Structure formats: structure tokens, C-alpha cells
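What follows is calculated from the coordinates using simple rules that are stated; it is not laboratory data. What you are looking at is a predicted structure, and each value in this text was computed from that prediction instead of being measured.
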């Protein structure tokens, strides 16, 4: 009756880590930037969980990552694409 769960990108955590490192931010600083852009309460623990693939971020949070890194969302979500970071 319900929908099957969608597949999470296998490289999502890796790419979110790449973005944070390219921006030169600590997990705490990244959390502050994401919280500012989304209006959500995001802590360094959330960022750690995203990067370690323990938790998948909300769509709005992933969009905030994309905007901070100036990349397209599909670069983050598509496992077949590499990030084109020019920060």
C-alpha cells in the first residue's frame, strides 16, 4: 500500500564532508551556516551524522549545502557525478 523507501545516495556523506572542508569550516561553523540558511536548529552533531551517513539531511538542508558551495543539487544527490567545487 505504501511507497517503497527511496534509495539514499551512497556518496552523500562524503560529498557533504567535501563541501565543509572546501569551505574551511569546522562542524560547528557549518552547523551555524546551515541553521542560518534553513531556520532549523542544526548542531555540530547533526553535521557529523550527515557526514558519517548516519542521518540523511532534510531537503532544505541539502539545498543549503549546495548554495553555500555554489554547486547544483544534482551534483550532491547523484552518485555518478563528482562535485565541481570552485570555492
Mean separation of Cα contacts under 8 Å, 6 or more apart, over the residue count of the chain: relative contact order %: 32
C-alpha center-to-center spacing [the range 55-87, the range 4-28] in angstrom: 8
Rg and Dmax of the range 12-77, Cα atoms only, in Å: 10.1, 25
